[in-house]
Amino acid sequence: MSPLKILQKYFDGNLIGFETVSEHSRIVADKALSIARSQRHLALDLPFIEEAALLHDIGVSRIHAPDMHCFGKAPYICHGILGREILEREGMPRHALVCERHIGVGLTALEIVAQKLPLPQREMSPISDEERIVTLADLFFSKKQGELDREKSVHEVRRSLARFGEEKVAIFDSWLGHFGILPT
């Protein structure tokens, strides 16, 4: 089944949520593919990157986000693990890990415990280059209505991540260096 059909299946009856997430995810996929294609020296799985980017926010369909007409019970922070559960049921375990690991620049088990987040106490940080590329691309775009296609600058992303600690900014900067992305 195509990523779009899978999104439609889980956003069934929620056209606003579906349109928001599918548009955001298409933009993230395009950015991720642009980054990946510039990495000719790496053996990256481009079809996987595109599919994972298109599905990375599928868990939003199960959270409580009235602005997107999502009326589930879980808080927003849970959309990654909910996405993992959905995609594991769909038989897509690699894609499922991207869902779980794309929150910010990733979450450590220590952060989950220290912040008392309603998440399983395990490492949830991108491991593969494909996972990092999707996560990196996602950082540049919002799901906020009216801002879906506005790409944030590197400075804006750094400022947003700094709220969660300078170590998050350092991870972001290391990814920029690894993938040869110049600050804008």
Task: Pairs beyond 27 Å (Cα-Cα), from Lys9/Lys31; Lys5/Lys168; Lys73/Lys143; Lys5/Lys143 - done: Lys5/Lys168
Task: Estimated vicinal HN-Hα couplings, Hz - the range 62-77 in sequence order (Karplus 6.51, -1.76, 1.60; Gly, Pro = x) - done: 10, 9, 9, 9, x, 5, 10, 6, 9, 10, x, 9, 7, x, 3, 4
Task: Sequence ranges 39-52, 130-143, ranked by mean other-Cβ count within 10 angstrom, highest first - done: 130-143, 39-52
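Scan the range 155-184 for trypsin sites (Lys or Arg not before Pro) in coil per DSSP, keeping those whose Cβ has at most 14 other Cβ atoms within 10 Å, and list them by number.
Values: sites: Arg158, Arg159, Arg163, Lys168; in loops: Arg163.
Qualifying residues, ordered by number: Arg163.
Heavy atoms only, 1.4 Å probe, whole protein assembly: order His102, His178 by accessible area, highest first. It would help to have the intermediate numbers written out before the result.
Details: His102 5, His178 90 Å².
So, going from the largest accessible area down, we get His178, His102.
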Task: For the range 76-168, size of Cβ-based charge dipole, Lys and Arg +1, Asp and Glu -1, in debye - done: 300
Open item on the list: Just to check, using Stokes-Einstein with a Kirkwood Rh over alpha carbon pairs, what's the diffusion coefficient of the range 80-184 at 37 °C and 0.692 mPa s in µm²/s?
Closed with: 226
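With +1 assigned to the C-beta of every Lys and Arg and -1 to the C-beta of every Asp and Glu, and no other charges, what is the dipole magnitude of the chain about the Cα centre in debye, to the nearest 20? Numbers along the way, then the final one.
On the way: 23 positive and 26 negative charges, 49 e Å.
It comes to approximately 240 debye.
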Task: Residue among His79, His69, His95 with the largest mean-square fluctuation in a Gaussian network model of the chain, springs linking Cα atoms under 10 Å - done: His69
- [ ] Quick one: which residues, 5+ away or cross-chain, put their amide H under 5 Å from the amide H of Ile63? H built at 1.01 Å from N.
- [x] Gly72
TODO: For the range 1-72, build the charge dipole from Cβ charges (+1 Lys, Arg; -1 Asp, Glu) around the Cα centre, then report which of Leu42, Leu55, Ala29 sits farthest towards its positive end.
DONE: Leu42
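If I compute solvent accessible area with a 1.4 Å probe over the protein chains, what percent of it on the range 70-184 is carbon and sulfur? Intermediate values should be presented prior to the final figure.
On the way: 3400 of 5880 Å².
Taking all protein chains in place, the range 70-184 shows 58 percent carbon and sulfur surface.
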- [ ] Quick one: grab the alpha carbon gyration tensor of the chain, order the square roots of its eigenvalues as a ≥ b ≥ c, and give me rounded if a/c is under 1.5, else prolate or oblate depending on whether a/b is larger than b/c.
- [x] rounded
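Could you list the square roots of 5 times each eigenvalue of the Cα gyration tensor of the range 1-55, that is, the equivalent ellipsoid semi-axes, sorted largest first and rounded to whole Å? Please report the intermediate quantities before stating the final value.
Numbers: eigenvalues 133, 25, 4 Å².
That gives 26, 11, 5 Å for the three semi-axes.
The values are calculated or read from the model by the stated rules, or taken from the named source; none is laboratory data. Values in this document were obtained by computation on a predicted structure and should not be read as measured data. A quick note on method: Cβ atoms are made from the backbone with ideal geometry, for glycine too, and the neighbour counts reach across all protein chains shown. Protein only, heavy atoms only, side chains kept; ligands, DNA and RNA dropped before computing areas. Shrake-Rupley method; radii C 1.70, N 1.55, O 1.52, S 1.80 Å.
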